[in-house]
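A short write-up of the structure that comes next.
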Amino acid sequence: MTAQISRAANDSLAPNDLEAWWLPFTANRSFKQRPRMIARAKGMYYYTPEGLEVIDGAAGLWCCNAGHNRDEITQAIQAQAEELDYSPAFQFGHAGGFALASRLAQLAPGDLNHVFFCNSGSEAVDTALKVALAYWNAKGHGSKTRLIGRERGYHGVGFGGISVGGIVKNRQFFGSLLAGVDHLPHTYNREQQAFSRGEPEWGAHLADELERIVALHDASTIAAVIVEPMAGSTGVLAAPKGYLKRLREICDKHGILLIFDEVITGFGRLGTAFAAERYGVIPDMITFAKGVNSGAVPMGGVLVRQGLYDTFMKGPEHMIELFHGYTYSGHPLACAAALAAQDIYRDEKLFERAKTLEPVWADAIHGLKSLPNVLDIRTIGLVGAIDLASRPDAVGARAFEAMDRGFQDHGIMMRITGDTIALSPPLIITEEQIGEIVEKLTKVIRAVA
Ligand SMILES: Cc1ncc(COP(=O)(O)O)c(C=O)c1O
């Protein structure tokens, strides 16, 4: 009887119907009335099923740093699939995983010499938080369990990530979250920082709030602090000048681990391989995902400093040192795609390219300042954000319309959060294409005035 009922319900769904897929972080009802469909991509552009060319102002979702459908990456995935489709990473290994781990460890600053692979930024964050807790346990400091995040931080959607994260809507519907979490204040202040290029001058002192949190809880209860060097998903908030150095000093003073969530800033977005390099600060762990293989196959991971790794490598040799991992950790296809993407980054000097283009990009995006409803513009590396004034009683509606009309009518893909437009094009972008983005944005922002 039950089988019959469910069979009947399934029959009512047309093949390839838009109803079945519950899209993540999407206004589903509105999407299904006016879908934004993507059929293919190449280089800097997406193409709709009707053939409309859409310039990618967002590197997909901050991930396609080498541009789309790069032949080298496609061929590497194809070749790997023919050779070895899957191999378990629990107690077994494959050459591509080791090659990639070595490559990433070389790319990372300081002694961030070890890599733990997973499949997304959310998993990378949960992994880093668990490593921090297990590390203190292994050191005999089992009371160090508290985790410190930051207001407006985004660390993915796992329970660990939303607990240390600071975006209200991502937290408020999901119960009591992890216990023992506290938050630093966010670093944005429009009065002090409006229309900033690069690191805002104002705000380093906000790192001292960590001293207040330590005074409240005592360092003997605090395992780690996690921050994004540039908070991306909340609307592009670059760390103020000196802020991350100050955080590092306070963490060192009190014996607290510092984790940089570089899921967005990793792989050239701010003009260096990792933002840690740009800021001259070496954290104890770096989480990465997205750009590691230019978004071609799901992959994430955590870079871990030598001392942390060494702490785990003791006890009987047949014993597992860390009871953590994923079926698809270091998946052969993801590793092959990543090795090919890393070759492109190196051969085409894409991180340096982002650095060289930073002032051109900043001039272009800040040139939108006088358009209607623009309240603030922030740029750093190849990232930009434009805050638009909210419509009365309809927070988010103006930017939502900008995103929709941008895609449907003007051929530009952008990210939005609230009434902020966020931009992060592939690092292969040309000056002419920066001009195209600005021209299209100008039309869109006027259209939603
Ligand atoms: C800083 C940061 N951490 C974690 C994540 C989560 O990554 P994922 O969506 O791959 O789980 C994101 C995603 O945008 C991010 O920006």
| task | For segment 357-370, indicate whether the set of residues that are in the same structural domain as residue 130 (by TED's automatic domain parsing), part of a helix (DSSP H, G or I) and out of contact with any His (no Cβ under 8 Å at 6 or more places or on another chain) is non-empty. | result | no
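Can you name every residue in segment 288-299 that is buried (at least 24 other Cβ atoms within 10 Å of the Cβ) and either among the aliphatic types (A, V, I, L, M) or in a loop (DSSP other than H, G, I, E, B) (or both)?
289, 292, 294, 296, 299 - these are the residues of segment 288-299 that are buried (at least 24 other Cβ atoms within 10 Å of the Cβ) and either among the aliphatic types (A, V, I, L, M) or in a loop (DSSP other than H, G, I, E, B) (or both).
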Next item on the list: Scan segment 290-297 and give yes if some residue there is among the small types (Gly, Ala, Ser) and either within 26 Å of residue 206 (Cα to Cα) or away from the ligand (no atom under 16 Å from the Cβ) (or both), otherwise no.
Entry: no
Filter segment 269-280 for residues that are among the hydrophobic types (A, V, I, L, M, F, W, C) and more than 21 Å from residue 149 (Cα to Cα); the one that is farthest from the ligand (Cβ to nearest atom) is 273
Residue pairs within 6 Å by beta carbon, gap of at least six or interchain, first lying in segment 144-160 and under 14 Å from residue 182 (Cα atoms), second charged (D, E, K, R) and more than 8 Å from the ligand (Cβ to nearest atom), listed first then second, are 148/182; 160/126
Does segment 236-246 include one or more residues that are on the phi > 0 side of the Ramachandran plot, in contact with a Leu (Cβ under 9 Å, 6 or more places away or on another chain) and buried (at least 21 other Cβ atoms within 10 Å of the Cβ)?
yes
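Residues to consider are 76, 39, 81; find the one that is more than 16 Å from the ligand (Cβ to nearest atom), touching a strand residue (DSSP E or B) at 6+ places or on another chain (Cβ under 6 Å) and over 17 Å from residue 426 (Cα atoms).
Checking each option against the conditions leaves just 39.
Residue-wise test of (1) more than 16 Å from the ligand (Cβ to nearest atom); (2) in contact with a His (Cβ under 9 Å, 6 or more places away or on another chain); (3) assigned to a loop (DSSP other than H, G, I, E, B); (4) within 30 Å of residue 184 (Cα to Cα).
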site: 258; (1), (2), (3), (4): no, no, no, yes
site: 267; (1), (2), (3), (4): no, no, yes, yes
site: 286; (1), (2), (3), (4): no, no, no, yes
site: 303; (1), (2), (3), (4): no, yes, no, yes
site: 307; (1), (2), (3), (4): yes, no, no, yes
site: 352; (1), (2), (3), (4): yes, no, no, no
Of the residues in segment 203-255, those that are within 16 Å of the ligand (Cβ to nearest atom) and of a type in the set (Val, Ile, Thr) come to 225, 226, 227, 234, 236
Quiz item: Just to be sure, is residue 447 of a type in the set (A, V, I, L, M, F, W, C) and under 23 Å from the mean Cα position of the chain (by Cα)?
Solution: no
Picked from segment 371-407 (must be of a type in the set (D, E, K, R) and outside any strand (DSSP E or B)), the residue modelled with the lowest pLDDT is 393
Residues of segment 191-207 being surrounded by 14 or more Cβ atoms within 10 Å (Cβ to Cβ) and in a helix (DSSP H, G or I), in sequence order, are 193, 204, 206, 207
Reported set for segment 58-70 where residues are away from the ligand (no atom under 16 Å from the Cβ) and either in contact (Cβ under 8 Å) with a residue 40 or more places away in the chain or under 15 Å from residue 404 (Cα atoms) (or both) is 66, 67, 68, 70
Q. Before we move on, is residue 112 outside the structural domain of residue 385 (by TED's automatic domain parsing) and within 16 Å of the ligand (Cβ to nearest atom)?
A. no
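Give segment 220-246 a look and list any residue that's in a helix (DSSP H, G or I) and free of Cβ contacts under 8 Å to residues at least 60 places away in the same chain, or say none.
Once the filter is applied, which keeps residues that are in a helix (DSSP H, G or I) and free of Cβ contacts under 8 Å to residues at least 60 places away in the same chain, segment 220-246 yields 243, 244, 245, 246.
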Residue pairs qualifying under the 8 Å Cβ cut-off, at least six apart or on distinct chains, with the first in segment 262-279 being over 18 Å from residue 344 (Cα atoms) and the second being assigned to a helix (DSSP H, G or I) and away from the ligand (no atom under 15 Å from the Cβ), are 279/245
Checked segment 155-180 for anything of a type in the set (Ser, Thr, Tyr) and either within 27 Å of residue 266 (Cα to Cα) or in a helix (DSSP H, G or I) (or both); matches are 163
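The values are calculated or read from the model by the stated rules, or taken from the named source; none is laboratory data. Since the model is a prediction, treat every value here as computed from it, not as a measurement. Glycine gets a Cβ as well: all are built from the backbone with ideal geometry, and neighbour counts include every protein chain shown.
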